[in-house]
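**Q** Sharing a structure below in structure tokens format, with a few things to ask.
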Amino acid sequence: MKVIRILSLFLLLILLIPNLSYGIEDNPRVYLIVINKLTLKDIEFMENLKKIIEGGSIGLMNTRGVSGYTGAESFLTINSSRKSSCNYASIDFLPRELNGSIVNKSFSRLIKLNKNNKFSPYIGAIGDNLHSVGLKTAIYGNGDLINMPLKTAALIPMDSRGLVDYGNIDNITIEDNDYPFTIKTDYKKLLSEIKNSSANLIVGDTGDLDRIYRYSDFLSEDESKNIRERILLDIDSFIGELITILKYDKSLLIITSPNSGDINVDDNKLSPIITWGNGIGKGILTSATTERAGIVANIDIGPTIMSFLKAPMDNMSGSQIKSIRKNDINLKDIIEYSQQINTTSKVRYNTLYYYGIFSMIILSLAIIFLIAKIRLSGKTKDITKVLFAMILVFPNIFILVSIFKPRRIYSFILILFTLMLLSLIVLWVTRKSSNQIINIVSISIVIIILDLTSRGSISKFSVLSHDPTIGARYYGIGNEMVGLFLGSITIFSIGISKRNDKSLIPLFLLGISIILVGHPHYGANVGGTMAFIVATVFYVVEIFNKDKVLNLKRVFFMVISIILLISIMGFIDIKFNRNTTHLGNTILLTKNNGLSYLNKIIFRKLLMNIKLIGNSFWTYILLLHMILHTSIFYFKKKNNKILTAAIAGLSGAIGGFLLNDSGLILAAICMNLITAGLYLEFVE
């Protein structure tokens, strides 16, 4: 009888074990492999990774945390799906002997670090959302140095108690004198741990590439290069073996560097991200956060994991990463794309700075001419007109450079100077034309409208457009372009008003501009929309009110108009837009988190403007504008035909400055154009 019972139990186990095993293996899983400091150039040495790219998708990821692109905050930002603060003193992961879980003993420090974080991150969002539906997390590997534990990758799967369900973060490296700090990841053990893990989200930290980055100061360039290539081959072999144990239809593999790549290899702050698995074909990556093919943000990784594992996305601000099918995409294309973005990012500040310096010199001369009552004539007048016209033309040149997609700084400079020379020739030939100014701003208006309606295809690599490296905004119209748009419409309106002061064309243009700048389909720049609303309201007041006095009633009308139009745009965004823009997200987050979230946004915008006023050269340009405008209005006070549009534009610029973060740039560029246009009218 006893023998029969034992045999029965044995048979029962035989029947149950396959079913249990199948249950574990059949669950969908996400494998996030961390290769910190990986660059696109490194991938050229990794044949297995290139094969994965051939069957999967690749893109570039913004790695920015609260203050930078390196360090622990980039890892924590992935966890919370919002920009987070973190330092190494707030990371102290230790294994718990009772159940094999991992806990961050310094978790309370993370909470304190982010207490006043303007982005309001929920620390532990990935872990909590997975745990809420009974799913498990795991971390294997580390980036430890000799005297410094670096278990930053454990931040990614952590929950709001600082816990990770399973892991091995200590007994995962071996001693090797040929490797940095004599430490090398045991890739066989790492593979074994991942293979045998029962978690749904498995994070694997390869560690070695980060170690060579930190050790490079102690090596010659050749030594560093040789060791780096050896490490890349080790990691590539590990990836090749890993891919053989994954079930394609039940797996999502994400390979990325949470920090920007090794600056000694590639100074681009965007890091590569590769995805492979169920539902991902050959192509490039994008997300609703960026709305830009080939670009995603680190805050998008969390929602992508949740979407694949069918878990909630509570307290996350990013969007799911998606693949755009593109069979002809290859690594070379992404490298070239990265170079184009990096070149634009590098030249952005200096290009705008020298444009500002040029403007300051010309404006200073104008002030001297006006105050000293110097009358211009002959060639002096012609040269002055051309120089002021260049202030109007330069922004168009900055946009047109983008069409040529320069990949190197020298090619950018060559294209820029070629377009400048051509512009000077055209301006000199047409200097006697009475339509020169209106033709220039008409070109600006057409370019911006075409760019907006084509989702930024013209200005993608322009210094006036968004910088994906900064990540403040990825699509829609930016503050620099809003300033150009508003300034151009103002100068156009001045030209029209000069011919027919009762024309409604300027009002029509302002109305169209409000729709284009504020509509969710085109990116909804809220601050820019408010600038155009202010300009429009002032224009209406100037046209339809004989007394033309700004009183409390009209200010109230302006405020109500702003609130009403922004509310309408927000309603359209939330109700009819599948992927809500910044406007819709702000309204939804304010609804969920209360007015305190809105207060933080307002506070952040004010701080940004204060910071810019104290540190930006645009401040000096604005001061010059104030002096020059006072002089022009004094001498032109009897000519109301052209001042009506000018006052509306200036009001919009002031509104944009007060109601926008980095509104200083918007106002400065807008006033630059208005001042140049007004002075050219004065010269005539």
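No lab work stands behind these numbers, since they all come straight from the coordinates. This structure is a prediction, so every number in the text was calculated from the model and none was measured. Methodologically, a virtual Cβ is constructed for each residue, glycine included, from the backbone with ideal geometry; neighbour enumeration extends over all protein chains shown.
**Q** Take the residue pairs LYS51/LYS322; LYS118/LYS195; LYS37/LYS136 and return only those whose Cα atoms are more than 29 Å apart. Please report the intermediate quantities before stating the final value.
**A** Working: LYS51/LYS322 20 Å; LYS118/LYS195 40 Å; LYS37/LYS136 27 Å.
Over 29 Å apart, Cα to Cα: LYS118/LYS195.
**Q** Moving to a separate point now. Ranked from highest to lowest mean number of other Cβ atoms within 10 Å per residue, what is the order of the peptides 119-125, 485-491?
**A** Ranked by mean Cβ neighbours within 10 Å, highest first: 485-491, 119-125.
**Q** Counting only C-alpha contacts under 8 Å and six or more residues apart, can you give the relative contact order of the stretch 347-683 as a whole percent?
**A** Numbers: 421 pairs, mean separation 85.5, N = 337.
This gives 25 percent for the stretch 347-683.
**Q** Then there's this: For the pair SER101 and LYS310, what calculated FRET efficiency results from E = 1/(1 + (r/R0)^6), where r is the Cβ-Cβ distance and R0 = 22 Å, to the nearest 0.05?
**A** 0.40
**Q** Relative contact order for the stretch 445-519: what is it in percent, counting Cα pairs under 8 Å that are at least 6 residues apart? Please report the intermediate quantities before stating the final value.
**A** Values: 50 pairs, mean separation 19.1, N = 75.
About 25 percent, as a whole number.
**Q** So which of LYS385/LYS405; LYS83/LYS346; LYS553/LYS575; LYS269/LYS611; LYS250/LYS575 end up more than 29 Å apart by C-alpha? Don't skip to the end; give the middle numbers.
**A** Details: LYS385/LYS405 31 Å; LYS83/LYS346 23 Å; LYS553/LYS575 33 Å; LYS269/LYS611 23 Å; LYS250/LYS575 33 Å.
From the list (LYS385/LYS405; LYS83/LYS346; LYS553/LYS575; LYS269/LYS611; LYS250/LYS575), the Cα-Cα distance tops 29 Å for LYS385/LYS405; LYS553/LYS575; LYS250/LYS575.
**Q** How large is log10 I(q)/I(0) at q = 0.09, 0.13, 0.15 Å⁻¹ when the Debye formula is applied to the Cα atoms of the stretch 26-329, each weighted equally and without solvent?
**A** Each listed q corresponds, in turn, to -0.38, -0.85, -1.18.
**Q** Right, another one. What span do the alpha-carbon atoms of the stretch 454-556 cover on each of the three principal axes, reported in whole Å from largest to smallest?
**A** On the principal axes, the stretch 454-556 reaches 49, 32, 21 Å in Cα extent.
**Q** Between the DSSP loop rule and a limit of at most 13 other Cβ atoms within 10 Å, which trypsin sites (Lys or Arg not before Pro) in the stretch 283-334 are left?
**A** Values: sites: ARG292, LYS310, LYS322, ARG325, LYS326, LYS332; in loops: ARG292, LYS310, LYS326.
Taking the stretch 283-334 and a limit of 13 other Cβ atoms within 10 Å, the loop trypsin sites (Lys or Arg not before Pro) found are LYS310.
**Q** In the stretch 313-400, if every C-alpha pair distance is counted and binned at 10 Å from zero, what percent goes to each bin?
**A** 12, 25, 20, 18, 13, 9, 3
**Q** Could I have the simple spin-label model distance between ILE111 and TYR88, label points 7 Å from Cα toward Cβ, reported in nm to one decimal?
**A** Output for this residue pair reads 2.6 nm.
**Q** On each of the three principal axes of the Cα atoms of the chain, give max minus min coordinate, whole Å, ordered largest first.
**A** Cα spread of the chain along its principal axes, largest to smallest: 115, 57, 44 Å.
**Q** Roughly how many debye, to the nearest 20, is the charge dipole of the chain about its Cα centre, given +1 on each Lys and Arg Cβ, -1 on each Asp and Glu Cβ, and no other charges? Spell out each step's value before the answer.
**A** Values: 71 positive and 51 negative charges, 631 e Å.
The dipole of the chain has a size of about 3040 debye.
**Q** Hand me the trypsin sites (Lys or Arg not before Pro) from the stretch 471-536 located in a DSSP loop with no more than 13 other Cβ atoms within 10 Å, in residue order please. If you can, show how the numbers build up before the last one.
**A** Details: sites: ARG473, LYS498, ARG499, LYS502; in loops: ARG473, LYS502.
Qualifying residues, ordered by number: LYS502.
**Q** Another question, if that's okay. From the gyration tensor of the Cα coordinates in the stretch 347-683, what semi-axes in whole Å does the equivalent ellipsoid have, largest first, with each one equal to sqrt(5λ)?
**A** Details: eigenvalues 197, 126, 66 Å².
Ellipsoid half-lengths, sorted descending, are 31, 25, 18 Å.
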